[in-house]
Amino acid sequence: GIQVEQSPPDLILQEGANSTLRCNFSDSVNNLQWFHQNPWGQLINLFYIPSGTKQNGRLSATTVATERYSLLYISSSQTTDSGVYFCAVMNTDKLIFGTGTRLQVFP
Amino acid sequence: DTGVSQDPRHKITKRGQNVTFRCDPISEHNRLYWYRQTLGQGPEFLTYFQNEAQLEKSRLLSDRFSAERPKGSFSTLEIQRTEQGDSAMYLCASTGLITEAFFGQGTRLTVV
């Protein structure tokens, strides 16, 4: 089946710093989503981005489907950005998740 | 619409007992998914329904697990004879015509 790899696995930042999270996938996909998992375990939708670039406030994402990767950019990070970020792809009928990037933002 | 709803939020059970979880999807969504997440891992696919039809089950879903979606609306996931290894977060998601998935808050199961 399709493989999804995320990097880095862990990221520690000071408040105000920028960061880039990467998601590589091994096959063509018809859906790609980025999620933020909050401390209570709920997956919060950030982007639905099978291709192209989207922006939402301090966050933006780019998916280059032909090269099988997606990037999530976080600018001017805040402590509330802390948590685990997941990339998930769909190439049949189900989402396959990566192992996540754990982000810690310190004041 | 209040989004995907799961009940209960937390469940503690003794090994060997049966448990049942419920998921109410977004009302116009025809696909419903169940995932399991253990500590430090990403969610793993268990099974999904299109309307009332169960279309795929993961090899992770042992004989002790059964899921239903009898009227194509809410779904239940039952685990029989629970084991300590079943302790995990159980997540439900739904999708509609656009395949963007929305997740519920999850049910955290602890088997003691």
Problem - Conditions (1) among the β-branched types (Val, Ile, Thr); (2) open to solvent by 50 Å² or more (accessible area, probe 1.4 Å); (3) more than 13 Å from every other protein chain (Cβ to nearest Cβ): number failed by B:Ile98 - result: (3)
Problem - For B:Thr13: the one exception among (1) under 15 Å from the mean Cα position of the chain (by Cα); (2) open to solvent by less than 20 Å² (accessible area, probe 1.4 Å); (3) of a type outside the set (Lys, Arg) - result: (1)
Fill in the blank from the handout: The lone condition A:Gln55 fails out of (1) more than 13 Å from every other protein chain (Cβ to nearest Cβ); (2) among the polar types (S, T, N, Q); (3) in contact (Cβ under 8 Å) with a residue 24 or more places away in the chain is (3)
Handout entry: Of residues in segment A:85-107 being buried (at least 20 other Cβ atoms within 10 Å of the Cβ) and aliphatic (A, V, I, L, M), the one farthest from A:Phe35 (Cα to Cα)
Key = A:Val105
Practice task
Hand me the list of strands (runs of 3 or more DSSP E) wholly inside segment B:1-76 holding 1 or more residues that are modelled with pLDDT of 95 or more and under 29 Å from A:Thr101 (Cβ atoms).
Solution key: B:5-7, B:10-13, B:19-24, B:31-37, B:44-50
Handout entry: Criterion: in a strand (DSSP E or B), surrounded by fewer than 21 Cβ atoms within 10 Å (Cβ to Cβ) and not small (Gly, Ala, Ser) - qualifying residue of A:Leu13, A:Leu21
Key = A:Leu13
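The values are calculated or read from the model by the stated rules, or taken from the named source; none is laboratory data. In this text the structure is predicted, and so the values were computed from the model without any measurement. For neighbour counting, all protein chains shown are included, and Cβ atoms are generated from backbone atoms with ideal geometry for every residue, glycine included. For accessibility, only protein heavy atoms count, side chains too; no ligands or nucleic acids. Shrake-Rupley method; radii C 1.70, N 1.55, O 1.52, S 1.80 Å.
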